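Working notes, structure below.
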Amino acid sequence: MPENETPFANNTVKDLTQAHHLLKNISLIIQILNEENVDLNTSLNRILSLLLEYLGVEQGSIMVLEKRMLVVAAATRTDLIGKKQPIDDSSIAAWVARTGIPIFIPDISKDERFPARSGFYKKNAVLSAPILQNKKLLGVINATDKGGDKDLLKEDIAYLLDFSSLIISILVQKKMQQELQRQRNILKKKNQELKLQEKLRDDLYRLLIHDLKTPLAEVVANLDILSYSIKDENREFLESAQIGCDRTVRMISNLITINKIEDGKIKLSLEDVSIPSLLDEARSAITGLARIKDVSIITKIANDLPSLFIDRVLLLRVLQNLLTNSLSYTKEGTHITLGCRLLPGKKKQIDFFVQDQGSGIAKEQQKSIFDKYSRISTQQDALVGTGLGLYFCKLAVELHHGIIGIDSSPGHGCTFHFTLPAE
């Protein structure tokens, strides 16, 4: 040995070389961790290669825990990948998985705890370490068959554990990505199912509308002819039939208009409209139904209201829908107020309102009352309507750049109102 060279110096150089080698491998593993769109098995196989190269080992595997099975996710022998091993098996990996303790066996052929291995291995020394995250088992790393004349040492367990801590990151990351992708796939499937259901429902509505329009028009025409010859004592029944037909016609009209608005195919027929005449026409259309229910309709119209440039037919149906809706909940012998006023402020705005004396609507129901297919339930009444009348009102008002809303509390009736720009 040269005078200036000592065993300590040789060990220091050796340790520095080994440390540099370890840091290089860790850097490569971090690069693997940061790679995107790489599947778990590919990443684990690359990490296993770095681990075995660092230890100077020819054979090894990484097993991942799935339920109570250890599944080979990476291995030097590709025929082992995908193989499963029960956690209660008598193998070394299963023992490590159950105990959570790393193990070094200098000669597996002399250890009676474990069965003899097949003839694929060159040497008898075996290393196996658990992959743990907060004491929770994620998998097991195995290494055997060190190259050259040397064999594995007990100290090599420390390196195996160092690498296992890095593998934890990729296992957790990939599992989170898999779970996220699984949730995305579920959401995508549900969205597709909902879109299909929506399409089927829309197709059904279109068929119903088409099939109902002609026979209903015939009924309305025949009732109109009958009104000229019917006796006074039977006129009440005729009016009741006409009212029922009118409601059905409005329902079908709502369906047609909703489909057109949602498809972006509606064109507003704008004209100057007198507000008092609009309200009077809306009230007149509901008078028959109100009389049958013994409910009076009162109008409150402010003075000097400007005319509005609107689609008269569309907003007339909005008012009729709101009045019909209020009649569904108003008690006999009471009244409904239909009104309009000019709101104070720099911008001229007209506020239309329909106020009833019904049982009122709870706060939680008010949030969704204008949603499509939303239906109202009260203690006195079962579910009422198709859930499209108020949705139609919302769409029609918003087409006129307006806002629709409700003021109500249980036991104090409801006030439906919508505001339109007057300029």
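The values are calculated or read from the model by the stated rules, or taken from the named source; none is laboratory data. Worth saying up front: this structure is predicted, and the values here are computed from it rather than measured. No Cβ is skipped: glycine too gets one built from the backbone with ideal geometry, and neighbour counts run over all protein chains shown.
A few points about this structure:
- Across the range 79-126, the number of residues qualifying as at pLDDT 85 or above and within 26 Å of Asn41 (Cα to Cα) comes to 27.
- Every residue from the range 61-107 that is touching a helix residue (DSSP H, G or I) at 6+ places or on another chain (Cβ under 9 Å), free of Cβ contacts under 8 Å to residues at least 24 places away in the same chain and either of a type in the set (Asp, Glu) or assigned to a strand (DSSP E or B) (or both): Val72, Gln85, Pro86, Asp88, Asp89, Ile105
- Here Ile47 fits the description: surrounded by 12 or more Cβ atoms within 10 Å (Cβ to Cβ), among the β-branched types (Val, Ile, Thr), modelled with pLDDT of 80 or more and not in a strand (DSSP E or B).
- Count of the range 49-73 residues which are aliphatic (A, V, I, L, M) and under 24 Å from Gln181 (Cβ atoms): 9
- A Cβ distance below 6 Å, combined with a sequence gap of six or more or placement on separate chains, defines the contacts here; from the range 291-314, residues that are more than 18 Å from Thr419 (Cβ to Cβ) reach no residue that is in a loop (DSSP other than H, G, I, E, B) and among the basic types (Lys, Arg).
- All positions within the range 280-290 that are in contact (Cβ under 8 Å) with a residue 24 or more places away in the chain and either within 11 Å of Leu323 (Cα to Cα) or basic (Lys, Arg) (or both): Ala282, Arg283, Ala285, Ile286, Leu289, Ala290
- Taking strands (runs of 3 or more DSSP E) as the structural unit, those lying wholly within the range 210-327 and holding at least 3 residues that are surrounded by 18 or more Cβ atoms within 10 Å (Cβ to Cβ) and in contact with a strand residue (DSSP E or B) (Cβ under 7 Å, 6 or more places away or on another chain) correspond to 308-311.
- Gly333 being assigned to a loop (DSSP other than H, G, I, E, B), free of Cβ contacts under 8 Å to residues at least 60 places away in the same chain and either in contact with a Gly (Cβ under 6 Å, 6 or more places away or on another chain) or farther than 19 Å from Ile403 by Cα (or both): yes
- Members of the range 165-198 that are touching a helix residue (DSSP H, G or I) at 6+ places or on another chain (Cβ under 8 Å) and at pLDDT 80 or above: none
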